[in-house]
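The values are calculated or read from the model by the stated rules, or taken from the named source; none is laboratory data. Everything numeric in this text was worked out from a predicted model, so none of it was measured. Positions of Cβ are backbone-derived with ideal geometry, glycine not excepted, and every protein chain shown enters the neighbour counts. To get the accessible areas, we keep the full protein, side chains included, count just its heavy atoms, and leave off ligands, DNA and RNA. Shrake-Rupley method; radii C 1.70, N 1.55, O 1.52, S 1.80 Å.
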Amino acid sequence: MPKELCKCGQFIDLGAIPNPGEWLLISDVEYDRYTGTVDAETLYTDMKSMLLCPHCGRLLVYWQGFGSEYTTYRPEE
Ligand SMILES: [Zn+2]
């Protein structure tokens, strides 16, 4: 089953669809291009994936898509 390793050592499951640990992001500018009835699959292609580590709370954001490296954001102490 596909999974991602967080820097804290926690594995984050990527296999579930929908994935309870994954969030989808879209910029306000990109979203503003949509009007009326929106096709969910088209909207999905414009969104970026973000994982929330259930152990440390880090956010792993795939700005360039799942095939590329992610950028990590860690909560303040
Ligand atoms: Zn973590």
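Here are the numbers for this structure:
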{"read-out": "Flag if residue 74 is over 12 Å from the mean Cα position of the chain (by Cα), open to solvent by 70 Å² or more (accessible area, probe 1.4 Å) and more than 16 Å from the ligand (Cβ to nearest atom)", "value": "no"}
{"read-out": "Given (1) small (Gly, Ala, Ser); (2) open to solvent by less than 50 Å² (accessible area, probe 1.4 Å); (3) more than 16 Å from the ligand (Cβ to nearest atom), number of the condition residue 57 does not satisfy", "value": "(3)"}
{"read-out": "Residue within the stretch 11-28 that is of a type in the set (Phe, Trp, Tyr), open to solvent by less than 60 Å² (accessible area, probe 1.4 Å) and touching a Leu at 6+ places or on another chain (Cβ under 7 Å) present", "value": "no"}
{"read-out": "Total residues in the stretch 4-22, condition away from the ligand (no atom under 15 Å from the Cβ) and touching a strand residue (DSSP E or B) at 6+ places or on another chain (Cβ under 9 Å)", "value": "4"}
{"read-out": "Strands (runs of 3 or more DSSP E) within the stretch 1-75 that include 1 or more residues among the basic types (Lys, Arg)", "value": "3-5, 48-52"}
